[in-house]
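> What follows is a single structure, and I will ask about it in a moment.
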């Protein structure tokens, strides 16, 4: 797949009437578009509106690709089409709309996909990751006003969960970006947008106490970060489960103490590793119903199973009901790691800077924008844990100055 | 690697144990307290064995040595069961070795039971007399390699 020819006669900027009689400036950008379910993503020239009130425009330097992007392609995550994929990225703020207060032009930022409104029931009760407004926009592929800043072939173009970051630029709410320091590499910062918040946050939010034994089922970009989070909160044993051998090895590098090949009887293996008791906390990081049941079945009496992976919206889970009261097991979920991005991304950055959070090992496979279909196939085949699209100007001086892993640097 | 490489192996070993040993124990007559067929459905390998009670003896407390209290149906052709236990072959193997805590196994969905479980529970205390027969049977059939190392035993 290659980028389509730029539309003839169209400049970098144009002016367009958006229906309400307000003429808005637009910018022509390249974006990975899926025209409909099961269609191959294509790089297309699309129109991106200037930021409106409360919005910012970000030039994307690096963007991660998540299994959820693939689920949008297949329709197993049913989102409105056509759509620009991508929901985690890093970039530079190039424009700010009216009323924007926290970021300025030139700021280096992470783009994340739950821009909380700050005043709904969930935001006010400490769960901005469940923000009603953000959720509505994620489902509709638009902003809170029902509009999208993107147009393609004269029609509104939806974006994945407020972001649409597999593009050269994106217009997102101010609350969907968080500033990062000048020394953080773009490609590593991009993963803070989803995979790291989701994985590390799930572990931070789980009832892990120092010395616990934890199992992580599924070692993609999220699962590997659950491993890191569990290590940081003091789990003594971290059992990483995946069918792919190199992912298990990578999990060891990131803190796993034991690994289990998912092609064996995993439940028996986990029981054998815990003297038959079961693990204290288990995480499911794939979104497959059998693995969700396995996570619940693998925890000890009084243990907790945390569902992090995203199954199909109509998936149903069958469990032994007696186990809930008689064994005091807890089954819970974690969405975006329960993260409050404005609070937690700086914390994650600090952990990266201290060497406790390792990101370089997760960004070894990079792609150009036109290689997104190949990246998705590599993701599905298990060849890569987290593909990262890097844009031509991404290796800015700040990045080149520090492309190494701080943890490795200390060892050196 | 699974204990039973295929259905034939499961029928030969586990089916043989039921047929040659379990059926001829005093405890086997307790199946009449269940009141109907018991089907074991296996996964990995896919197989099915049904215990079909023979007509109840007038005096079950005095079992006949000439007639077993139940017969076996191997495969899916058995009668409609009263009780069904679904498990994989390895779990069944561990159960008959006495290494599986059934309550835990049910809670962990290693064993899924359908039907009046309370009737099956009546049999459980009596299985302690049967568990030792399975390793003996395996050894007698030349399958001592299927016995777990003693240090790894747990329920």
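Readers should treat all values here as calculations from the given coordinates under stated rules, not as data from a laboratory. Keep in mind it's a predicted model, so treat the numbers as computed, not measured. Please note: Cβ atoms are built from the backbone with ideal geometry, for glycine as well, and neighbour counts cover all protein chains shown.
> For segment A:203-294, count all C-alpha to C-alpha pairs, find those more than 18 Å apart, and express that count as a whole percent of the total.
Roughly 34 percent, rounded to a whole number.
> Which whole-number percentage describes the relative contact order of segment A:282-338, with Cα contacts under 8 Å and a sequence gap of 6 or more?
Once divided by the residue count of segment A:282-338, the mean separation gives 39 percent.
> Expressed as a fraction of 2.2 N^0.38 Å, the rule-of-thumb size for a compact globular protein of N residues, what is the C-alpha radius of gyration of the protein assembly as shown?
Expressed relative to 2.2 N^0.38 Å, the Cα Rg reads 1.19.
> Additional query: Give the percent of DSSP beta bridges with both residues in segment B:7-139 that are antiparallel, rounded to the nearest 5.
Taking every DSSP beta bridge with both residues in segment B:7-139, the antiparallel ones total about 70 percent.
> Report relative contact order for chain B in percent, whole number only (criteria: Cα-Cα under 8 Å, sequence separation at least 6).
With pairs under 8 Å counted, the relative contact order is 25 percent.
> Oh, and also: Mean-square fluctuation check for chain A, GNM, Cα pairs under 10 Å: which of A:172, A:96, A:216 is largest?
Checking each option, the largest mean-square fluctuation is seen for A:96.
> Could I ask something else about it? Between residue B:44 and residue A:374, what is the label-to-label distance in nm when each label sits 7 Å out along the Cα-to-Cβ direction?
Computed distance between label sites residue B:44 and residue A:374 equals 3.7 nm.
> Which angle from 0 to 90°, rounded to the nearest 10, does the C-alpha axis of helix A:245-254 make with the longest principal axis of chain A?
On a 0 to 90 degree scale, this one is about 90.
> Could you grab the relative contact order for chain A? Cα pairs under 8 Å, six or more apart, rounded to a whole percent.
Answer for chain A is 16 percent.
> Quick one: if you stick a label point 7 Å off each Cα along the C-beta vector at residue B:139 and residue B:117, how many nm between them?
The two pseudo-label positions are separated by 3.4 nm.
> Okay, next question. Mind checking the angle between helix A:221-232 and chain A's longest principal axis? C-alpha axes, 0 to 90 degrees, to the nearest 10.
The angle comes out at about 60 degrees.
> Next up: Mind checking which of A:127, A:62, A:72 has the largest fluctuation in a GNM of chain A, springs on alpha carbons under 10 Å?
Result for chain A, Cα springs under 10 Å: A:127 fluctuates most.
> Here is a further query. So if R0 is 56 Å, what FRET efficiency would residue B:131 and residue A:25 give, r being the distance between their Cβ atoms, rounded to the nearest 0.05?
My answer for the efficiency is 0.10.
> Follow-up question, since we're still on this one. Pop a pseudo-label 7 angstrom from the Cα along the beta-carbon direction at both residue A:153 and residue A:328 and give the gap in nm to one decimal.
Spacing of the two 7 Å Cα→Cβ label points: 5.9 nm.
> Okay, moving on. Report, for segment A:207-311, the % of DSSP beta bridges that are antiparallel, rounded to 5.
For segment A:207-311, the DSSP antiparallel bridge percentage is about 0.
> Also, I was wondering about something else. What FRET efficiency do you get for residue B:54 and residue B:124 if R0 is 25 Å and r is their Cβ-Cβ distance, rounded to the nearest 0.05?
Result of the calculation: an efficiency of 0.70.
> Most mobile of A:283, A:204, A:322 per a Gaussian network model of chain A (Cα springs, under 10 Å)?
A:322
> Suppose the chain between residue A:265 and residue A:36 were pulled fully straight at 0.36 nm per residue; how much longer would it get relative to their current alpha carbon spacing?
Working it through step by step, the gained length comes to 78.6 nm.
> Does anyone have the angle between helix A:372-381 and the longest principal axis of chain A? Alpha-carbon axes, 0 to 90°, nearest 10?
10
> May I ask what percent, to the nearest 5, of DSSP beta bridges between residues of the protein assembly as shown are antiparallel?
Here the share of antiparallel DSSP bridges comes out near 65 percent.
> Determine the calculated [θ] at 222 nm for chain A from helices alone, applying -39500 (n - 2.57) to every DSSP H run no shorter than 4 residues and normalising by the residue count; nearest 500 deg cm²/dmol.
-7500 deg cm²/dmol
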